[in-house]
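Peer 1: To start, I am sharing the structure in question, which I have written as structure tokens.
Throughout, read-outs are computed from the coordinates displayed, never taken from laboratory work. Here the structure is a predicted model, which means the values were calculated and not measured. Glycine gets a Cβ as well: all are built from the backbone with ideal geometry, and neighbour counts include every protein chain shown.
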């Protein structure tokens, strides 16, 4: 089967699942239920797309199949930034009251951090992947613990106000951010287009890319900014799902069996949407909210992650 | 013409390349020889801007490499490093096609495919061109990478230990191909090489490095000399003339 056919089939499955989720068992006050379901699906699609897309780019930049922005702790960082903003400004301040301003400030800080990350992790001579992985694990835990710590210090009333808005999950999608997220994602995609042609070459590795005339450092820096923005958007909408990116991008590579980013990216985006929308459907209708989709995906992804580690270990 | 003037490179306070100046003429093969850690690979990486130099000046045909646009430079000079671990699902033909990137920016036109076919034919990879890289032997993979550099069609070609992992037959085949590229197409080739007999038999000039410094540079017949080799490798190397070729006996 050709890449095109596979991509189209994945797209069709993704659309069908979205339709199923929206229209299944549609009874009662349709005028109330329908818009709510639609906006939830839109949020899930945006998140799934953003995670898959950013993870593919990130794996190409770092030239590996194990390290993802989530494994490196970027989504924990987003939560830390959010908490930090309440800690500094308080829940009733302008920054916190307008969710859009709060959102943009957080993304700004994430972009700054991604530039720091670039300085420390990518500028130097060749870095060992296990070293990066270790740093990521430590940073992720550190960000998580620090977030908890600050939440303990915040005034409980302020925390209650902020918590609802800050910590989203797939069951509790942050719907008031959907419109601005669409704008941000489209802007990031437009900015990304100019770098698109370099991705296939960059996957060959730094030395080959530089040899073939790619302004490597310049592009890596900008792609990292795009990754940081997309991760912020996805974390803000439905919260962190650590192993989703790892899972969908690797499945996409296995399924597509090609190096062409065009197909790998679209493949991973559709697989991600299928996993999230389909998974959420199963959780809501079959498990009746007994469990959450993050748990299921992290379980499958975690097992796959260990498998990848063992496999890569052998090939080196 | 590649001009290297007073180039330095330090790693952790240690001078890896120490005040090196060379100029390399067009249409020649220049071999860089020397013991491990002499700075050969570092030097060749700096010439191809893979790593930044700490001080000095490198110009190619009068243009400073740091001030030339990446894409323009990629049409003039190409490099192949010794470690080529690509973990992508790529066929030989697809890999070689990447060599056209500086010209095509990813959208290959007919003339690009003509160059790709030429490079594949030149490296005798025609029959296996649709095989995936992970199905190849070390020698085939090495030849595929060289074909990619050929498709890039640059005036200057830099090769870091191109004979690594190759048996004698393929080593000789590659050196003959390189010789042909220089003699027939007028390319300029710089290579790092460990086997001094290959350097002696196929190159026009030899640059001998040790501890980051140039010990001796010049025509091949001047550098392949018992005293010079003793300076470089700290061992007595006998030189025999066989069919007008200087063969070093160091066993």
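Peer 1: Counting other beta carbons within 10 Å of each Cβ, put A:19, B:123 in order, fewest first.
Peer 2: With the sparsest Cβ surroundings first, the list reads A:19, B:123.
Peer 1: List the equivalent ellipsoid semi-axes of chain A in whole Å, largest first, each obtained as the square root of 5λ for an eigenvalue λ of the Cα gyration tensor.
Peer 2: Those come to 30, 26, 18 Å.
Peer 1: Now for a different question. Using only Cα atoms, what is the ratio of the radius of gyration of the protein assembly as shown to 2.2 N^0.38 Å?
Peer 2: 1.15
Peer 1: Given the -39500 (n - 2.57) contribution per DSSP H run of 4+ residues, what per-residue ellipticity at 222 nm results for chain B, rounded to the nearest 500 deg cm²/dmol?
Peer 2: One gets -10000 deg cm²/dmol as the mean residue ellipticity at 222 nm.
Peer 1: Which of A:248, B:249 has the fewest other C-beta atoms within 10 Å, and how do the rest follow up to the most?
Peer 2: Lowest count first: B:249, A:248.
Peer 1: Related question: Return the calculated 222 nm mean residue ellipticity for chain A, to the nearest 500 deg cm²/dmol, obtained by summing -39500 (n - 2.57) across DSSP H runs with n ≥ 4 and dividing by the residue count.
Peer 2: Only helices count here, giving -24500 deg cm²/dmol.
Peer 1: Residue by residue through A:254-261, how many Cβ atoms from other chains fall within 10 Å of the Cβ on average?
Peer 2: Mean shielding by partner chains, rounded to a whole number: 3.
Peer 1: Another question, if that's okay. Order these peptides, B:205-213, B:5-13, by their mean beta-carbon neighbour count within 10 angstrom, highest first.
Peer 2: Final packing ranking: B:205-213, B:5-13.
Peer 1: May I ask you to derive the relative contact order of chain A, considering only C-alpha pairs under 8 Å and at least 6 residues apart, and to give it as an integer percent?
Peer 2: Relative contact order comes out at 34 percent.
Peer 1: Here is a further query. Using 0.36 nm per residue of separation minus the Cα-Cα distance, give me the extension gain between residue A:134 and residue A:39 in nm, one decimal.
Peer 2: Gain in length upon complete extension: 30.4 nm.
Peer 1: How many angstrom lie between the Cα centre of the range A:21-65 and the Cα centre of the range B:8-32?
Peer 2: Here the answer is 55 Å between Cα centres.
Peer 1: Can I ask one more? Averaged across A:199-207, how many Cβ atoms of other chains sit within 10 Å of each residue's Cβ atom?
Peer 2: 5
Peer 1: Moving to a separate point now. Just need the relative contact order of chain B here, percent rounded to a whole number, with Cα pairs under 8 Å and 6+ apart.
Peer 2: Once normalised by length, the contact order is 25 percent.
Peer 1: When a footprinting reagent is the concern and you count Cβ atoms within 10 Å, what order do B:113, A:266 take, fewest first?
Peer 2: So the residues, fewest neighbours to most, are B:113, A:266.
Peer 1: Rg and Dmax of the range B:1-151, Cα atoms, in Å?
Peer 2: 17.3, 50
Peer 1: Based on the alpha-carbon gyration tensor of the range B:82-153 and its eigenvalue square roots a ≥ b ≥ c, which shape applies: rounded if a/c is under 1.5, prolate if not and a/b is larger than b/c, or oblate?
Peer 2: It comes out prolate by the Cα gyration axes.
Peer 1: If you take each beta carbon of peptide B:47-54 and count the beta carbons of other chains within 10 angstrom, what is the mean?
Peer 2: Averaged over the peptide's residues, the number is 2.
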